[in-house]
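Notes for the one structure printed next.
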Amino acid sequence: MSEAGAASRRTGLPHSAREAVDRTDRSLSPSCRSRPALGGGPASAVLRVACSREGFARARVFTRETLRGWSLEHRGDDAVLVVTELVSNAVTHAVPSAAAGVPEVRLGLALGPARFTLTVADAGDDAPVFNPSEGSALREHGRGLCIVDALAEEWGWVPRPPAGKTVWATLSTRPLT
């Protein structure tokens, strides 16, 4: 995938996804603010993910609990699968190439009017590699972004200066029919 095409599989970063990325990054600052959702709960949530089996499990539980709080349980399976793939990619590819120190991966969820955005931020600078191919179904590794592409309305990534990136995916809030 070219550098220009790496930012999104579509034409640039959609406005709502950019807002979700900005909101996710702001929510980690000392002046943490949550925006209320229709039901009165926060419209965004953030989790620091430990690079361990327990961290992955916590990311899945956190995603399901957040969606339950937004009355979006019907999107839980797809969202958990997308989160699992994005967090796994971050830990597998970005954490080993990041600068020395404690690796950090952050999971963010942001609710919009018709869709919600999942973000995974890591310290790696390399662009995600999306490589759909005819034989991808038989490969043991390298299918994660193909799964994200199949489940998400849109997905892409943005750099996080001075180092790192945020990979995002949006899913509809509508029930599947």
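Here, each number is a calculation from the coordinates, and none is a lab measurement. This one's a predicted model, so the numbers in the text were calculated from it and none came from an experiment. When we count neighbours, we look across all protein chains shown, and the Cβ atoms used for this are built from the backbone with ideal geometry, even at glycine.
Counted by Cβ distance under 15 Å from Glu65, the other residues give a net charge of +3, where Lys and Arg count +1 and Asp and Glu count -1. For the peptides 72-80, 46-54, residues were scored by their other Cβ atoms within 10 Å and the scores averaged per peptide; the highest-first order is 72-80, 46-54. So, R0 is 25 Å and r is the distance between the beta-carbons of Ser52 and Ser172; what FRET efficiency does that work out to, to 0.05? Once the sixth-power term is evaluated, E becomes 0.20. Using the Karplus relation 6.51 cos²θ - 1.76 cosθ + 1.60 with θ = phi - 60°, the per-residue 3J(HN,Hα) values for the range 146-160 come to 5, 5, 4, 4, 6, 9, 8, 5, 8, 7, x, 8, 9, x, 10 Hz, with x marking Gly and Pro.
The H on the amide N of Gly164, modeled in the peptide plane, is under 5 Å from the matching H of Asp125, each at least 5 residues off or on a different chain.
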